[in-house]
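In what follows, a single structure is set out as structure tokens and then discussed.
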Amino acid sequence: MIKVSVNGEMKEIEKNLNIKQLIEVLEYKQQGFAIAVNTTFVSIKKYEQTIVNDGDTIDILAPVQGG
Amino acid sequence: MHQDSWEIGGKTLTSRMLIGSALYPSPANMEEAIKESEAQIVTVALRRQSAGDGGGNNFWDIIKELNINVLPNTAGCHSAKEAITTAQMAREVFGTNWIKLEVIGDQYNLQPDPFETVKAAEVLIEEGFEVFPYTTDDLVVAKRLANVGCKILMPWGSPIGSGQGLMNPSNLKAIRKQFPELKLIVDAGIGKPSDAVEAMQLGYDGILLNSAIALAQDPVKMAKAFKYATQAGRLGYEAGTMQEREFASPSTPTIGTPFWHQFK
């Protein structure tokens, strides 16, 4: 198991998961969000080839109101 | 009422008012206010989403149904790097290359950081974004942004959410004069419909506002007021205002005035 931060919350997940698998494990079902790993944007196209590492910081952002 | 068309970011629009989607008393009120404003651009943002929200996004569903242009912002970013990442994420989520670039340099008055804003704008333009940079009314910063390829500039009227109107109309005027070819939007600080009129009379192409409508006692009615104010200001600019004079000058003809100097 490894530890990662997801939206500021520490989570324990299995080793060698890619982003697509991480989303499933975290039970994110909805479309319409975008992901950054360690403050770098990861596009949908790269979800499967991006492996989550111990200590990574993951941000999952979705639309909200804005001015 | 006046409905001229104009172009910004590759789109032809009739409304010159850009409206925010935050701070309304309810989502229904936001929807009604945006419709009443007849704005064709609405600003939105990105924030962390928890897995529990996965069942649906009511806010985003409402915005999509409005079928108008979405302008995502980078609000809350304090560095070029953060703003660039947020813009890239917004492009994927919202399906647009438009980005309202906000890099805040001071937490007290939410003044944009000109150095980081220019740095981010340069990178984003290279990456194919249409950058709508939120900036101060500083002419030199405006020049820097234009030099890196910005076709749109959005100087503030006054600090975000302050409702203080146009703090420095002469600076805004100087930017308009210097950049006749750029699209200029007064963004932030507009509080009253008369502020919108003033901005439009300066020859600005549009205004961007949120708090002035959302925090009004009746946001829907205020949205309508700003729609007319924006149109009135634009008409006034196009019509060309009279020259101010030092002294009074009668408007009613003096020739034929009865009792001329008869009463002593």
In the stretch B:214-231, how many residues are in contact with a Gly (Cβ under 9 Å, 6 or more places away or on another chain) and surrounded by fewer than 18 Cβ atoms within 10 Å (Cβ to Cβ)?
-> 1
For the stretch A:1-29, enumerate the residues that are exposed (fewer than 15 other Cβ atoms within 10 Å of the Cβ), polar (S, T, N, Q) and outside any strand (DSSP E or B).
-> A:Asn16
Is there a residue in the stretch B:150-158 that is away from every other protein chain (no Cβ under 14 Å), open to solvent by less than 40 Å² (accessible area, probe 1.4 Å) and over 28 Å from B:Lys192 (Cα atoms)?
-> yes
If we scan the stretch B:33-45, do we find a residue that is in contact (Cβ under 8 Å) with a residue 12 or more places away in the chain, open to solvent by 60 Å² or more (accessible area, probe 1.4 Å), at the interface with chain A (Cβ under 9 Å from one of its Cβ atoms) and assigned to a loop (DSSP other than H, G, I, E, B)?
-> no
Can you find a residue in the stretch A:35-42 that is under 29 Å from B:Ile160 (Cβ atoms), within 10 Å of the chain's Cα centre (by Cα) and open to solvent by less than 20 Å² (accessible area, probe 1.4 Å)?
-> yes
The residue that is farthest from the other protein chains (Cβ to nearest Cβ), considering only those in the stretch B:72-89 that are open to solvent by 20 Å² or more (accessible area, probe 1.4 Å) and touching an Asp or Glu at 6+ places or on another chain (Cβ under 6 Å), is B:Ser79
Is there a residue being within 18 Å of B:Leu13 (Cβ to Cβ) and crowded, with 19+ Cβ neighbours inside 10 Å anywhere in the stretch B:232-251?
-> yes
Could you run through the stretch B:90-111 and say how many residues are surrounded by 24 or more Cβ atoms within 10 Å (Cβ to Cβ) and within 11 Å of another protein chain (Cβ to nearest Cβ)?
-> 3
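The values are calculated or read from the model by the stated rules, or taken from the named source; none is laboratory data. The model shown is predicted, which means the values in this text are computed figures rather than measured ones. Quick reminder, even Gly has a Cβ in these numbers, built from the backbone with ideal geometry, and neighbours come from all protein chains shown. Side chains included, ligands, DNA and RNA excluded: accessible areas come from the protein's heavy atoms. Shrake-Rupley method; radii C 1.70, N 1.55, O 1.52, S 1.80 Å.
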